[in-house]
Structures are given as C-alpha cells and as structure tokens.
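Asks: My questions will all concern the structure given below.
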Amino acid sequence: MPYCTLDDILGVIPQRELIQLTDDAIPPAAISQAVIDQAIAAADTLINGYIGERYSIPFTGVPELIKTIALDLAVYRLYLRRKKGEPPEAVKAAHDNALKLLRDVQSGKLSLGVTAAGATVPQTSASAPMISSSPRLCSRDTLRDL
C-alpha cells in the first residue's frame, strides 16, 4: 500500500501543473499515472530505508506523518523531472523538512504514534490544564474616566 496517492498529490499541486510535470507528450494532455506511481514508489522506498529498522513495515494503516513525508518527497521528485535546476523554494523546503523528520523518526527523537510492530498507540487522555490569573487592572470601566 503506497503511503500517498494521486488524490493527495492533487491536493498540493494543481491539476494543470501536474499534467505539465508528468505528461511527456507535446503538448501535455493528461496526468501520467505511471510517472506518479514512480514518484510515490521512490518516496516509499526512501521512507522504508529510514524507518525499516525501527518499525515493522508495511503499516496496517499509514500514519499521518508518514503520509505527509511521502507526499513531500513525491512532489519534489515530480518537480525534479521537469524543472531545470531547482524546484520551487517551497517544494525544496518541504523536501528538506521531510528528510529531517525521517532522521528524527529513525533516531527515536520523533514517534509515529505506532508501536514497533505497527499497531497504533492509544492516546492517553490528560485533564485540561487549569489557568488562573489575577483580576484585570485595566478594563473598559476603569479606563472610561481617563
């Protein structure tokens, strides 16, 4: 099961631009599912390489963080296919952040919210923090006469 899908990619890249990035025909006419699949597979392979020793993969359900990382990596790869030089700065920044997150997951600094076997870790409910403060010194009523 891939970590992200074409629909996920369409959520961050407009359809017209995705056609430009994936269709090699002149003029580009349709999104190439094969190119999308290659970009997603490359992202999944990289993710598995980072976290495969810490977590049992494939996951039974894809953690949201992994989905986000896969999406950022796949989008970066799609831009690299077409753009001469560097992809847009926002795409590059998201890619760099995805790699940082993968390193943090790999080192154990960041948890995916699943056990090593891939089961979801139940969230513990904590009581809401209680906040108190002193009475307001300035209010509409106290400032009215100034």
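Asks: Quick one: grab Rg to one decimal and Dmax as a whole number for segment 18-95, Cα atoms only, in Å.
Replies: 14.0, 45
Asks: Counting only protein heavy atoms and a 1.4 Å probe, tell me what percentage of segment 1-84's accessible area is made up of carbon and sulfur. All intermediate terms of the calculation are to be shown ahead of the outcome.
Replies: Numbers: 2440 of 4660 Å².
Of all accessible area on segment 1-84, carbon and sulfur atoms account for 52 percent.
Asks: Restricting attention to the alpha-carbon atoms of segment 68-117, what are Rg (one decimal) and Dmax (integer), both in Å?
Replies: Rg then Dmax for segment 68-117, in Å: 13.0, 42.
Asks: If you don't mind, another one. Residue 56 to residue 34: FRET efficiency via 1/(1 + (r/R0)^6), r the Cβ-Cβ distance, R0 22 Å, to the nearest 0.05?
Replies: Plugging the Cβ-Cβ distance into 1/(1 + (r/R0)^6) gives 0.15.
Asks: Once amide H atoms are built 1.01 Å from N in the peptide plane, which residues 5 or more positions from residue 114, or in another chain, come under 5 Å H to H?
Replies: The answer is 121.
Asks: Taking R0 as 25 Å, what FRET efficiency do you get between residue 48 and residue 17 from their Cβ-Cβ distance, rounded to the nearest 0.05?
Replies: It comes out at approximately 0.35.
The values are calculated or read from the model by the stated rules, or taken from the named source; none is laboratory data. Since we're looking at a predicted model, the values are computed, not measured. Cβ coordinates were reconstructed from backbone atoms using ideal geometry, including for glycine residues, and neighbour counts include every protein chain displayed. Only protein heavy atoms, including side chains, enter the accessible area calculation; ligands, DNA and RNA are left aside. Shrake-Rupley method; radii C 1.70, N 1.55, O 1.52, S 1.80 Å.
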